[in-house]
1. Excluding residues on the same chain fewer than 8 positions from LYS241, give the aspartates and glutamates whose Cα lies under 14 Å from its Cα.
2. Once you have the Kirkwood Rh of the chain from its Cα pairs, apply Stokes-Einstein at 10 °C and 1.306 mPa s and quote D in µm²/s.
3. So which aspartates and glutamates pass the test for LYS96, namely a Cα distance under 15 Å, with those fewer than 8 places away in the same chain ruled out?
4. For the chain, what is the mean residue ellipticity at 222 nm derived from helices alone (per DSSP H run of n ≥ 4: -39500 (n - 2.57); sum divided by total residues; nearest 500 deg cm²/dmol)?
5. Based on alpha-carbon positions alone, could you give the equivalent ellipsoid semi-axes of the stretch 239-282 from the gyration tensor, as √(5λ), descending, whole Å?
Amino acid sequence: MSPVWRPINLMRMALWFVHLLLSHAGFYREPRSAERTVGTLPRGREEAEPFSAIVTGASSGLGLAIATSLARRGHRVILVCRTERSASAALAAVAKRAAPTARLETQACDLSDPLAVLRLCERIRRAEKRSKSSRVRFPLRHLVCNAGAYCGRLAYAAAPNGLELEMTFASNFFGHYVLRRALEGVVGWDSVVHTTSFSHRAVSGRELRAWLRGAIRESGGPNLSPEPRSWSPAMAYACSKMASILARRDVEGPRCRQICLDPGAVDTEITREWPWALRCVYTLVMRALGLFQDPNAVAESLVRELEGRQGGLDENYIFGAAGERLRPSSLAFREDLERDLCMECDRLYDKCRDEFQQRREGAKGWDDF
């Protein structure tokens, strides 16, 4: 039987639904949200100056919608997709709706592989050096960490130094952490967007620590925690979203604006590993209650937010297509959890970087690496 059907997993997903309803009801609304507008451009400007943005998970769903919205406004978009094939398909889809002045590029990268992410960062560095000498300059200003997966079964991916990473941890969180760390000091981000989820509200500090302990193990070693019986796909997914919020301020520093984008319930391929029957029930219920958010509307709201920034360095948790400001879970402000999470990720990142450098030095050339 699929772990998705286990009672503990279904109970967690039912709790997600409660938090989704509370989010729509405004229970978590920021007190000052009614006084603010989303994406207001400075007076006298009808459109934003062109910039460059990296969008991960751009092959489908919300990532594709965000890339399309940016391209429609004439920006330069680097679409990061898992495979060359999906990248080509995404490029063709975005190009159909892009403005004539837009620039589109693709990069294939499996974010669950830290070494692949480091190779991606090296390519981005080289591309940025070349673009500085170009007449048409699109400054790289925004990073949208959108790629994610709901893994239906407990699985581990190989990592450097004989380690293995739990797939949800690697794909949803650590891959983006490596991306941000590797480009630290190379790119001065204006904004980093973290696609999160209302599911993060169902996570406790104890569960987050247990998930982190079990997310990294020695290759072929025992899975100490979480145990297969207590582990659930819903717990891993929610913890990965909580981790993204916790670590949002650790890398870029105070001059970079951190945006947590909670799209609400969106009908995308994130449910592809759910059992067919559960997907049908989920889709029917969400449509009947009118809870599905249009990914294109969510993307438009986010892009207006990026274009309308007027120098403010405040953090935002943006919910749904309307871009309503909500408060994240109180766990997001636990400094002890943030410290422990980032220390563990920094240690793992250093191991990945060291092996990456060793392999690059041993290769005959960049093309062979």
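Coordinate-derived values only; no laboratory data. The structure displayed is predicted, hence computed values, not measured ones.
1. Cross-link targets: GLU207, ASP262, GLU338.
2. Working: Rh = 21.1 Å.
Calculated translational D: 75 µm²/s.
3. List returned: GLU105.
4. Working: 10 runs with 148 residues, N = 369.
That calculation yields -13000 deg cm²/dmol at 222 nm.
5. On the way: eigenvalues 204, 24, 10 Å².
They are 32, 11, 7 Å, listed largest first.
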